[in-house]
1. So what's the net charge close to GLY79: Lys and Arg +1, Asp and Glu -1, counting the other residues with Cβ under 14 Å from its Cβ?
2. In terms of Cα to Cα distance under 30 Å, which lysines are near enough to LYS42, apart from those fewer than 8 places away along the same chain?
3. If you add up the charges near GLN157, with Lys and Arg at +1 and Asp and Glu at -1, over every other residue whose beta carbon is less than 15 angstrom from its beta carbon, what do you get?
4. Taking the highest mean first, how do the peptides 153-165, 12-24 order by number of other beta carbon atoms within 10 angstrom per residue?
5. What shape does segment 112-198 have by the C-alpha gyration tensor, where a ≥ b ≥ c are the square roots of the eigenvalues, rounded means a/c under 1.5, and otherwise prolate means a/b greater than b/c and oblate the rest?
6. Does segment 1-91 come out rounded, prolate or oblate, given a ≥ b ≥ c as the square roots of the eigenvalues of its C-alpha gyration tensor, rounded meaning a/c under 1.5 and, failing that, prolate meaning a/b above b/c?
7. Might you report the magnitude of the Cβ-based charge dipole of segment 139-219 about its Cα centre, with Lys and Arg at +1 and Asp and Glu at -1, to the nearest 20 debye?
8. Subtract the Cα-Cα distance of ILE187 and ASN146 from 0.36 nm times their separation in residues, and report this length gain in nm to one decimal.
Amino acid sequence: MKILEVKELTKQFGGLTAVDKVSFDVDTNEIVGIIGPNGAGKTSLINAISGLYHPIKGKVFLEGRDISHSKPYQIARMGIGRNFQSSVLFMSLPVIENVFFASHLNYRIPYWKRFLRTPSAIREESTLRQKGEDILKSLGLEQIKNETADSLPHGYQRILGVCIALMTNPRLLLLDEPLTGMNQNEIQVMTDIIRRIRDTGVTIILIEHNVSAVIKLCDRIVVLDNGRKIAEGLPKDIQNNEVVIEAYLGREYNQ
Ligand SMILES: Nc1ncnc2c1ncn2[C@@H]1O[C@H](COP(=O)(O)OP(=O)(O)O)[C@@H](O)[C@H]1O
Ligand SMILES: [Mg+2]
């Protein structure tokens, strides 16, 4: 069953074609990697999928439904979550509050009820707080829940960015370079978290420069260069693909 179908997606900035007729599908519960040199169009591609860019050419379908013209908040509600290349956080607030704040997209109760603190609003708030606690617990991050975001090492701030993305209940999670700037220990924690998220039934698209992590984590890999898809396949095939080695991996990966 396909969760996402991207068909001939094209995004231009003025005269520059950042994403050039890219097509690929993602099956439910896969981890699909997107790799390619800097400027290849990886971030533009997931920005276009998550509705940040309009107009785009081509089509994006989520579980068969055309979302090509939907707005970012509609797409988030339909089930696509994402982190950002630079994590957006309330630095002076504790981790749990950052996670809780992210849940505003899930509020079902109208704003005036929340403002008046009606019983239903209080119930919903406590459910969402519990959910934030549960997410932190399920990812093994309970012990940092009361630390302020600015006191966390950079790597853990990025991990928090992923927890925040989970608060909207995504069925498909788009991760843009989650391992950037992390030390070996943080990379290990984050890759375990990505696996755990997938094991809870979430499908993942992973953009990453750390090729060995992508090869270990992903079921399939799509390779972009100059906005175009130049290859797609199983990690072992991508590692040995001449075109990919030439454009991106370099000879050392062909051992
Ligand atoms: N908002 C923008 N305005 C103009 N050009 C952009 C913008 N965002 C990205 N680009 C250009 O699009 C190309 C692809 O960028 P990007 O998607 O960020 O690549 P990647 O994430 O693979 O490094 C680059 O040439 C970049 O300079
Ligand atoms: Mg990028």
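Please treat every number below as a calculation from the coordinates, not as lab data. Owing to the predicted nature of the structure, the values given are computational and were not obtained by experimental measurement. Cβ sites come from the backbone with ideal geometry, for glycine too, and all protein chains shown count toward neighbours.
1. +4
2. Within reach: LYS2, LYS7, LYS11, LYS21, LYS57, LYS59, LYS71, LYS216, LYS229, LYS236.
3. Net of charged neighbours comes to -4.
4. 153-165, 12-24
5. Because a/c hits 1.5 or more and a/b exceeds b/c, segment 112-198 counts as prolate.
6. Verdict is rounded for segment 1-91.
7. Computed charge dipole of segment 139-219: roughly 220 debye.
8. So the chain would gain 12.5 nm between ILE187 and ASN146.
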